[in-house]
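Presented below is the structure to which this report refers.
Derivation of every value follows stated rules applied to the coordinates shown; laboratory data play no part. Keep in mind that what you see is a predicted model, and the values were worked out from it rather than measured. Cβ placement follows ideal geometry from the backbone for every residue including glycine, while neighbour counts extend to all protein chains displayed.
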Amino acid sequence: LFPPTTNTTNLVSTSSSAPRWSQMITTTRRHQQHQKKKKQKIVVIMGPTGSGKSKLSVDLATRFFPSEIINSDKIQVYRGLDITTNKIPMHDRRGVPHHLLGDFPTHSDLTPSAFRSAAASAISAVSSRRNLPLIVGGSNSFIYALAADRFNPASDVFHDTHPDPVCPDLRYDCCFLWVDVSMPVLNQYLSERVDDMLDSGMFEELQEYFDSDQYRRESNSAIRTGLRKAIGVPEFEPYFKKFHPRTNPKGNPVRMAVYEEAVRAIKENTCQLAERQVGKIMRLRNAGWDLQRLDATEVIRAAMKKESCGSDSGESWERQVVEPSVKIVKRFLEE
Ligand code: ATP
């Protein structure tokens, strides 16, 4: 029905067929604009773990009211271990509806294809209420599965050595916001965050998990599924295999040594996860996905300082991340 969009200049300049072709080219452009217009608009917030994506999603949802948030973190989709998996606490959600967050049973395994369908249904439901869908989470394989126009579950676009080509076309009209943080600063922050998580009850949460019938049933399987993959679970397994889940490591040097080794491994694996996530984001950007980068390095630095000397990171968060994001989303919604 439509002429190819390449070599259009040559085709327009061909004298006898010029009027007909130019008419067809105009029609093609109209068709493309129509297609773009017809696509559902979604905002996608990407970034490594610890960069502030969840906070940004709620800040944007309260400014672009009414919005609803759809989680794209492949571990946070499961029910349970809320501290260990860093799910945004209820009071920080400020009444904004969240979807696919803790909705799936712990033992299931949500594949990227299954996420593609589940998130597409959530987007349809959100837009049928005339609300703006905000997709938020660090799992780029999920974001890719959802947003790529043609998704092949068998291909691995993030493979370390021989990645398959990234699909350049998108099935939604996407506004991608990428919250970036300089790696050395993020690493320091992530390490401190693990200590904060332990202070907030991560170990006690894991004690309960390792002491549950659910875990005992799942641990018989050699294949890790669902929550058993969450950073914190494999790392603490040696501790809970050696000592009864209800034992306290404090005050016992043997238990404390195994506990500290688990904490060290959690810190290391969290930093490695962040590095891999940034690598995957770069892969999408280098393949032509239009990602708008927001630098949150100063905010994270200020947040760490706040811990030690009480300085304020809220003002730099607004100035460096929220305000530029609001401008980008506003422009996108007006297009
Ligand atoms: P993807 O590769 O699909 O984009 P990802 O970047 O979220 O996903 P992986 O690199 O596959 O994560 O994960 C590395 C390890 O970190 C895995 O064991 C994974 O289960 C774990 N992990 C990922 N996200 C979380 C989280 N929110 N909480 C705890 N562990 C996590």
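Which of the pairs Lys280/Lys306; Lys74/Lys229; Lys250/Lys306; Lys39/Lys74; Lys74/Lys327; Lys55/Lys327 have their Cα atoms more than 21 Å apart in this structure? Walk me through the intermediate numbers first.
Values: Lys280/Lys306 31 Å; Lys74/Lys229 10 Å; Lys250/Lys306 28 Å; Lys39/Lys74 25 Å; Lys74/Lys327 29 Å; Lys55/Lys327 17 Å.
Long pairs (Cα-Cα over 21 Å): Lys280/Lys306; Lys250/Lys306; Lys39/Lys74; Lys74/Lys327.
For the chain, divide the Cα radius of gyration by the Kirkwood radius and give the resulting Rg/Rh value with two decimals. Before the final figure, lay out the partial values.
Values: Rg = 23.2 Å, Rh = 22.1 Å.
Reported Rg/Rh (Cα atoms, Kirkwood Rh): 1.05.
Out of all DSSP beta bridges with both ends in the chain, state the antiparallel percent to the nearest 5.
Working: 1 of 23 bridges.
About 5 percent, rounded to the nearest 5.
Could you tell me the ratio Rg/Rh of the stretch 159-280? Both radii from Cα atoms, Rh via Kirkwood.
On the way: Rg = 18.2 Å, Rh = 17.1 Å.
Dividing the radius of gyration by the Kirkwood radius yields 1.07.
Indicate the gyration tensor shape class of the stretch 88-150 (rounded, prolate or oblate), computed on the Cα atoms with a ≥ b ≥ c the square roots of the eigenvalues: a/c under 1.5 is rounded; otherwise a/b larger than b/c is prolate and the rest oblate. Intermediate values should be presented prior to the final figure.
Values: a/c = 1.77, a/b = 1.18, b/c = 1.51.
Cα axes put the stretch 88-150 in the oblate bin.
For Met46, enumerate residues with amide H under 5 Å from its amide H, sequence gap 5+ or separate chain, H modeled in the peptide plane.
Leu177, Trp178, Val179
Let me know the charge dipole size of the chain about its Cα centre in debye, to the nearest 20, where only the beta-carbon of Lys, Arg (+1) and Asp, Glu (-1) is charged. Could the numbers behind the result be given before it?
Values: 46 positive and 40 negative charges, 274 e Å.
With Lys and Arg at +1 and Asp and Glu at -1, about 1320 debye.
Tabulate in residue order the Karplus-calculated ³J(HN,Hα) for the stretch 252-268, using 6.51 cos²θ - 1.76 cosθ + 1.60 with θ = phi - 60°, rounded to whole Hz; enter x for Gly and Pro.
Values, residue by residue: 10, x, 5, 5, 4, 5, 5, 4, 5, 5, 5, 5, 4, 5, 4, 4, 4 Hz.
What is the dipole size for the stretch 242-335, taken about its Cα centre, with +1 at each Lys and Arg Cβ and -1 at each Asp and Glu Cβ, in debye to the nearest 20?
Working: 18 positive and 14 negative charges, 106 e Å.
That gives a dipole near 500 debye.
Given the options Ile231, Gln207, Asn248, identify the residue whose Cα lies farthest towards the positive end of the charge dipole of the stretch 188-289 (+1 on Cβ of Lys, Arg; -1 on Cβ of Asp, Glu).
Most positive-ward Cα: Ile231.
Which of the listed residues, Ser108, Leu81, Thr161, is farthest toward the dipole's positive end in the stretch 45-165, when Lys, Arg count +1 and Asp, Glu count -1 at the beta-carbon?
In the stretch 45-165, that residue is Leu81.
Once a ≥ b ≥ c are taken as the square roots of the eigenvalues of the Cα gyration tensor of the stretch 51-129, is the result rounded (a/c under 1.5), prolate (a/b larger than b/c) or oblate (a/b not larger than b/c)? Working shown, then result.
On the way: a/c = 2.13, a/b = 1.19, b/c = 1.79.
Judged from the Cα gyration tensor, the stretch 51-129 comes out oblate (a/c at least 1.5, b/c at or above a/b).
Given H placed 1.01 Å from N in the peptide plane, which residues other than close sequence neighbours of Ile231 have an amide H under 5 Å from its amide H?
Amide H neighbours of Ile231: none.
Could you give the C-alpha radius of gyration of the stretch 247-335 expressed as a fraction of 2.2 N^0.38 Å, taking N as the number of residues it contains? Provide the component values of the computation, followed by the final result.
On the way: Rg = 19.7 Å, N = 89, 2.2 N^0.38 = 12.1 Å.
Scaled against compact globular proteins, the figure is 1.62.
Which percent of Cα pairs goes in each bin when the distances of the stretch 184-229 are cut into 5 angstrom slices starting at zero?
Per 5 Å bin, starting at 0, the Cα pair percentages come out as 5, 18, 19, 16, 16, 14, 9, 3, 0.
Sort the stretch 106-207 into rounded, prolate or oblate with this rule: let a ≥ b ≥ c be the square roots of the eigenvalues of the Cα gyration tensor; rounded if a/c is under 1.5, and if a/c is not under 1.5, prolate when a/b is larger than b/c, oblate otherwise.
Numbers: a/c = 1.76, a/b = 1.46, b/c = 1.21.
Here the stretch 106-207 falls in the prolate category.
Round to a whole angstrom and tell me the spacing of the C-alpha centers of the stretch 147-162 and the stretch 71-121.
Centre-to-centre distance over Cα atoms comes out at 22 Å.
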